[in-house]
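Undergrad: Starting off with a structure, shown below.
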Amino acid sequence: MRVRLIPRRIPRPRRDERGAVTLTVAFLLVPMMLLAAFVLDVGNSYAQARAFSSGADSAALAVVQQKRLALTANPAAYSPGRSSTCSDVRVQDGSASASTALDLATANQPRSVGLTAPDVAASLSCNADGVLEVTVTVTRSVPTTLGRLAGVDAITVRKTATAALGGASEVAGAKPIAVCDLQAQDVIAAGLANPADPAARLIHLEKVWSGEKCNTDAGDSAGAGNWGFLYCGSNGASKLAEYITDGCPAGTIRLVNGTLHMTGTPGNKGSSNPVDTALEAEIGDTMVLPVYTTVSQNGANADYTISGFLTVRLCGYHGKNAYRAACFDSSVGLPADTMQVRYVGFQTAADIARTTCGIGTASCGSVLGTALLR
């Protein structure tokens, strides 16, 4: 019998890879921390930038409103003996605009930020048409938290807004959302009571004819089928979303026998995805809304009588979904079909209707008015 010898296999020692794992984790730790720093610090600077944008808008509008009131009360306010020109207003401004801009910018700043005079710049210029343009720039160096690990100690945030005061021939740029005069007066009262930090108020976007929030001149059924959204060239939700973003074009606000009018668009457009998305993008920003006193007729023929234009900061909106900005006040709440806003400014239609003026993207008529330029 043959005997076969099978050599004994000696097991190889297992490789200990624990050190390799430690090295891998150590190698990845630095880029992971840098990524975390990027997300945290950029997110913080973005949030502050949104607040600074609202502050710059409010400040630019406040300065031109200040000039408008002075010139409306006394056309020779800046040049005794003759009507004031844009150049007169600019030359005589001194530090008034800078002071006003700082007040409004600090009123809209995040609570943890302390803007000072060097952070807010206001400049006045006259364009080729003799329109006064006020530009406010808010610049802030936002300290980083983890970004310092990458050698970045701060991120500079800069937001600029320009508003105008001058002459034009038509109204354009207002958002296609009508605000009942009674609600507008509540927002205005809150703003005048504390200009530095206006209290938040609700604007309802319920069926126009279903409540007692505004008057009608054709009985309780006037405005039936409308939720306060306005016609600016199309009844479709997608086009309405564009008008919310860009403002209504010229010609959609009509001057009839010295009175401004707008037409309604029927249906609860706030429940549509395009409108919901467009208003989400406006959260935290300023917007100009037409204010109406009466509405007549129904459906697509609903006619709103416009009494003025209310400039507000949008702090919350609850349509299809609910959205909130840093300025949101939880004690006020946000029921369905409402917007939570804070007062920025108001211009009556009486000033506008005598000649007409642009809101949002145009300058205003010979009876001076204000405009926020984008």
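What follows is calculated from the coordinates using simple rules that are stated; it is not laboratory data. On a predicted model such as this, the values are computed, not experimentally measured, just so you know. Ideal geometry is used to build each Cβ from the backbone, glycine not excepted, and the neighbour counts take in all protein chains shown.
Undergrad: State the percent of C-alpha pairs, over all pairs in region 222-292, separated by a distance greater than 20 angstrom.
TA: 30
Undergrad: What does the charge count near D329 come to, summing +1 for each Lys or Arg and -1 for each Asp or Glu among other residues with Cβ under 10 Å from its Cβ?
TA: Once positives and negatives cancel, what remains is +3.
Undergrad: I want the local charge near H318. Using Cβ-Cβ distances under 15 Å, sum +1 for each Lys or Arg and -1 for each Asp or Glu among the other residues. Don't skip to the end; give the middle numbers.
TA: On the way: positive: R201, K269, K320, R324; negative: E206, D276, E280, E282, D329, D337.
Around H318, the charge tally is -2.
Undergrad: Moving on. Around V275, with a cut-off of 15 angstrom between Cβ atoms, what is the net charge of the other residues, counting Lys and Arg +1 and Asp and Glu -1?
TA: Working: positive: K175, K239, K269, K320; negative: E242, D246, D276, E280, E282, D337.
Neighbour charge sum, excluding V275 itself: -2.
Undergrad: To make sure I understand the rule: partners must be lysines, Cα under 28 Å from the Cα of K320, and not fewer than 8 residues away in the same chain. Which ones qualify?
TA: K175, K207, K213, K239, K269
Undergrad: Measuring from label point to label point, each 7 Å out along Cα→Cβ, what is the A154 to A128 span in nm?
TA: My value for the distance between the label points is 3.9 nm.
Undergrad: Can you give me the distance in nm between label points at S99 and V256, each placed 7 Å from the Cα along the Cα-to-Cβ direction?
TA: 4.6
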